[in-house]
Amino acid sequence: MSWRSWSAVELGAVIAVGGSLLAVTIPAFFRNLSASKLSEPIEGLDRMVTSALAYAETHPQEISFPPPAPLTPAQVPRGIRALDPPEAWEHLTWKSLDFHFEEPHAFAFQFESAFDTTTGVMHFVARSHGDLDGDGALSTFEVRGQRLPGQPPRILPGMYVDREVE
């Protein structure tokens, strides 16, 4: 089999086609990589909120959401995925919401709830904080919900996001 050298036009065409493919695939790769980093807080909040609403459905009294739970883990992992010690998710609220991580994760989660005695409205905030690049600046994701007197619990529209990919 004999090899021949490529002409300048053929070589230019190969470089142009290869460059075009790279120009299309590299930005798509980084968009997908960024989106995969954001799946943890969004899926975690979805699990937490779904459980909070289910909990409220089974507790029809005025104070119908679980009590607040502290930021867990207490320190937001800085630029790494951390594995929690077994007791990290032992708080009563995390158990009530059946919320925990068994695998390494990059975000810390918190649940806040309060009852407004003047209006009779029960509120909750499900929150996640992450520091994906380890610089100390946190990204925050938040979902809110409430239960009005005599009504079923509901999620309030929208998700608060601060420094999505910090």
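Quick check: from the Cα gyration tensor, does the chain come out rounded (a/c under 1.5), prolate or oblate? The shape class here is prolate.
For the chain, adding -39500 (n - 2.57) for each run of n ≥ 4 DSSP H residues and dividing by the number of residues yields -12000 deg cm²/dmol at 222 nm. A simple spin-label model places the labels of Asp162 and Asp98 3.2 nm from each other, with each point 7 Å out along Cα-to-Cβ.
Between Val9 and Glu43, full extension at 0.36 nm per residue minus the direct alpha carbon distance yields a gain of 7.2 nm. For the chain, the longest principal axis of the C-alpha atoms and the axis of helix 8-58 are separated by about 10°. Taking N as the number of residues in the stretch 52-139, what is its alpha-carbon radius of gyration divided by 2.2 N^0.38 Å? That works out to 1.23 for the stretch 52-139.
No value in this document is a laboratory result; all are computed from the given coordinates. Since the structure is predicted, the reported quantities are computational estimates derived from the model, not experimental observations. Counting neighbours? That spans all protein chains shown, and the Cβs are built from the backbone with ideal geometry, glycine included.
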